[in-house]
Amino acid sequence: MRKPAKERILETAYGLFARGGVRAVGIDEIIAHSGVAKATFYRCFPSKDALVLAYMDRWYQVRHDAIEDAITHAHAPEDALLAAFNVLDDWFSRGAAEVNTFLHVVIEFGPEHPLGQAAMAHLANIRGRLAALAEGAGLEDPVGFAWSFHILTKGAMVASIEGDQRAALRARALARALIDLHRPDTPGRPQSQQEEDDEVKVLRKHGRG
């Protein structure tokens, strides 16, 4: 049974955006590859931006569901935090280029564009989930931990684009060290966000920031 036109368009856009980026792929190309009429396309998606928003929602949901499933099967709170890297490693090993395209949207459109804002909203949701997991694991400064953890996942995505087939595993090892640094009883653990902000103010006051 043939899939509905809206689903065919979205699946086609998914692959084309992954290979060429959002800006480089035009509506006519998507229409040609999905095999729908132009009128059908615009009935499903009034504009390209509407299609990109639907694409980002799908991107987020697919990754959210896979990671939540991995978290459900984790045996300890720390394993739950590391679950994202296991999922990324699986995607990278299968050549899942679309894993990285969400970052492309942020880079291509920037924080002022509605698409860039939508992408960052999804990323903020992910950080919120990470912070909740960090708090559940008893880590210090869960919000700061989530930001640092996100740097590792984004870095793994960029490294995979460069051809590093072990990017997710390398980032996972660094994440273990990050978890250790945020344990309450770890000497020299990272400063809280407020402490970091206070230090930045002092440095700027003395012309060093």
Query raised in the report: Only one of these conditions is not met by residue 170: (1) in contact with a helix residue (DSSP H, G or I) (Cβ under 9 Å, 6 or more places away or on another chain); (2) among the basic types (Lys, Arg); (3) without any contact (Cβ under 8 Å) to a residue 60 or more places away in the chain; (4) loosely packed, with under 15 Cβ neighbours inside 10 Å. Which number is it?
Result: (4)
Report task. Would you please list the contacts, defined by Cβ atoms under 6 Å and residues six or more apart or on different chains, that run from a residue in region 28-54 that is closer than 20 Å to residue 118 by Cα to a residue that is outside any helix (DSSP H, G or I) and among the aliphatic types (A, V, I, L, M)? Result -> 52/22
Report task. Kindly indicate the residue of region 121-142 that is surrounded by 15 or more Cβ atoms within 10 Å (Cβ to Cβ) and of a type in the set (A, V, I, L, M, F, W, C) and also farthest from residue 59 (Cα to Cα) among those meeting that condition. Result -> 139
Query - Filtered residues of region 8-27 (kept if among the small types (Gly, Ala, Ser), over 18 Å from the mean Cα position of the chain (by Cα) and part of a helix (DSSP H, G or I)) - result: 13, 20
Query raised in the report: Out of curiosity, is residue 58 under 30 Å from residue 136 (Cβ atoms), assigned to a helix (DSSP H, G or I), open to solvent by less than 30 Å² (accessible area, probe 1.4 Å) and not acidic (Asp, Glu)?
Result: no
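To keep it simple, each residue is scored yes or no on (1) within 22 Å of residue 167 (Cα to Cα); (2) loosely packed, with under 14 Cβ neighbours inside 10 Å; (3) modelled with pLDDT of 90 or more.
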site	(1), (2), (3)
28	no, yes, yes
37	no, yes, yes
45	no, no, yes
50	no, yes, yes
98	yes, no, no
101	yes, no, no
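The values are calculated or read from the model by the stated rules, or taken from the named source; none is laboratory data. Predicted, not measured: the structure shown is a model, and the values here were computed from it. So basically every Cβ, Gly included, is an ideal-geometry build from the backbone, and we count neighbours across all protein chains shown. Calculation scope for accessible area: heavy atoms of the full protein, side chains included, ligands and nucleic acids excluded. Shrake-Rupley method; radii C 1.70, N 1.55, O 1.52, S 1.80 Å.
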